[in-house]
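To start, the structure under review is shown below, and the notes come after it.
The values are calculated or read from the model by the stated rules, or taken from the named source; none is laboratory data. Computed from a predicted structure; not experimentally measured. Every residue, glycine among them, receives a Cβ derived from its backbone with ideal geometry; neighbour counts consider all protein chains shown. Ligands, DNA and RNA are excluded from the accessible area calculation, which covers all protein heavy atoms including side chains. Shrake-Rupley method; radii C 1.70, N 1.55, O 1.52, S 1.80 Å.
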Amino acid sequence: MGSGFNARFHLQGLQAVRDADVLSVWSPNGKHAEDMAAQARRLDLGPAKAHRSIAEMVADPGIDALWLCGPNQARVENVEEIVDAVTRGKGTLKGVACEKPLARNVAEAQRVTELVKKAGLAHGYLENQLFAPAVAQGRAIVWARGASLTGRPYLARAAEEHSGPHMPWFWRGDLQGGGVLSDMMCHSSLVVRHLLTKPGAPLATVRPVRVTGHIGSLKWSRPAYAKQLQQRMGKEVDYAKRPSEDFASVLIEFTTDDGATVLGEATTSWSFVGAGLRLSAELLGPEYSMSWNSLESPLRLFFSREVKGQSGEDLVEKQNAEMGLMPVISGEAAAYGYEAEDRHFVRVFLGREQPQLTFDDGVEVVKLLMTAYMSAEQGKTVEFPPKGLETFVPAVAKGTWKP
């Protein structure tokens, strides 16, 4: 469900997954759905076709599971249509997987979770960075060798940075639910908690207790860049009047089941100037550390200023240049974790594995994001969970935030 940039990454990831075919694409834009289905067929993922409605997808007896990859503002409506079709007996499903963030705020996240549980559907929260090979292998080795001998890790860091989203709705707080904190801190805040959690133990063994958030509009509300952004994205994106944050940071204090206090630091940015998307993570303990930077690629290309071609993203996601010394991310779908993530949830819905992440985890992530927004608005550290979290809507989403 969905035909945008993220959905196309899942198509690439599913090429490496056995026991799954892509049979259908639905999008509110019929032309986009047809194009997406054609791409799935070109990739030999199965006899994909475009369905006219979500209910029609559910009613198709060949379809076992749905991947929700549509925009945030449509999440509740899409899940309501899925659940209505299932509960009215129009079709059966084994499960539903949903892209990040689960919803725009806590009330919406709880609503979609209640709906899928009411329908008796297995559910999975899609968070690709936890499945990135560097994160998965680094975490496993650090805990097996370093933590087992010298003690648990005490500090994790994660960041996701690029020059800004592809589509206009991402830039609008009222549609997306916020700015870069809502869009990308869902990744980074969960990565730090995951790294600090012992493999095989539930995330609940590392519990957030205090959150300090900060947001800012560092680049895109400057007059020249606000004008440039509007020219690219359309008149509805007006950062001179209705900006969203393009930088966010959060410090999360956790307490663990064994009585330790550990920290997670996360930053996200739409104002990063570099080769393209940069993902990074660190984990530090008493006698060890690990680090990952996606742009530290073993493959680099150089193009002189005489090489002048069309701009694109053939070297790295969110690519910012076509000349100079450029890192190339070989197999982005694998490097960013989409392959392993999609393989895992296919196996979950086939009953072969227990889900590493469910909608309940997605709700917990949204609670952390909303607490970070609360902290940023109040200018102070906030105890987790704070009062009023279930009804809180960030000022950015209301269109009243002033940087």
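For the pair LYS227 and ALA144, the difference between a 0.36 nm per residue extended length and the Cα-Cα distance amounts to 24.7 nm. Computed over segment 294-403, the alpha-carbon pair-distance distribution with 5 angstrom bins reads 2, 9, 12, 11, 9, 9, 15, 15, 11, 5, 2, 0, each value a whole percent.
Overall, the accessible surface of segment 319-376 at a probe of 1.4 angstrom is composed of carbon and sulfur to the extent of 47 percent.
Net charge dipole, the chain: roughly 580 debye, given to the nearest 20, about the Cα centre with Cβ charges of +1 for Lys and Arg and -1 for Asp and Glu. In the elastic network of the chain, a GNM with C-alpha springs shorter than 10 Å, the most mobile of ALA103, ALA159, ALA260 is ALA260. Each residue of segment 328-380 gets 102 Å³ once the volume of the Cα convex hull is shared out per residue. Note on ASP258 and ALA395: with the Förster distance fixed at 41 Å, the Cβ-Cβ geometry gives a FRET efficiency of about 0.60.
Within segment 174-269, all pairs of alpha-carbon atoms sorted by distance into 10 Å bins from zero give the percentages 16, 37, 24, 15, 8, 1. Among the listed pairs LYS31/LYS219; LYS31/LYS308; LYS219/LYS402; LYS94/LYS118; LYS219/LYS241, those with a Cα-Cα distance over 24 Å are LYS31/LYS219; LYS31/LYS308. Volume per residue for segment 18-128 equals 100 cubic angstrom (convex hull of Cα atoms). Against the set (1) 45.6, 172; (2) 20.8, 62; (3) 20.2, 67, the structure's computed Rg and Dmax of the Cα atoms in Å falls on (2). The value given for segment 252-302 is a Kirkwood hydrodynamic radius of 14.0 Å, derived from the mean inverse Cα-Cα separation. Taking all protein chains into account, the per residue accessible area for the chain stands at 44 Å² (1.4 Å probe). Positive end of the dipole of the chain (Cβ unit charges, origin at the Cα centre): among ALA281, TRP401, ALA16, the Cα lying farthest that way belongs to TRP401. Relative to one another, the C-alpha centroids of segment 1-48 and segment 243-272 are positioned 34 Å apart. Computed over protein heavy atoms with a 1.4 Å probe, the carbon and sulfur contribution to the accessible area of segment 50-122 reaches 45%. When only alpha carbons are used to place a centre, segment 61-95 and segment 330-354 end up 20 Å from one another. Heavy-atom accessible surface of HIS214, to the nearest 10 Å², is about 110 Å², with a 1.4 Å probe and all protein chains retained.
State, as an integer percentage, the relative contact order of the chain based on alpha-carbon contacts under 8 Å between residues 6 or more apart. Relative contact order here is 21 percent. Among GLN12, GLN110, GLN354, the residue with the largest mean-square fluctuation in a Gaussian network model of the chain, with springs joining Cα atoms closer than 10 Å, is GLN354.
Using the rule -39500 (n - 2.57) for each DSSP H run of four or more residues, divided by the residues of the chain, the 222 nm mean residue ellipticity is -10000 deg cm²/dmol. In this rough spin-label picture, where each label sits 7 Å from Cα along the Cβ direction, the ARG52-ALA321 distance is 5.1 nm. Note on segment 93-160: the C-alpha convex hull projects to 6.8 nm² when averaged across all orientations.
Taking the Cα centre of segment 11-134 as origin and assigning +1 to Lys and Arg Cβ atoms and -1 to Asp and Glu Cβ atoms, the resulting dipole is close to 60 debye.
Taking label positions 7 Å along the Cα-Cβ direction at both LYS380 and ASP21, the computed distance is 6.0 nm, reported to one decimal.
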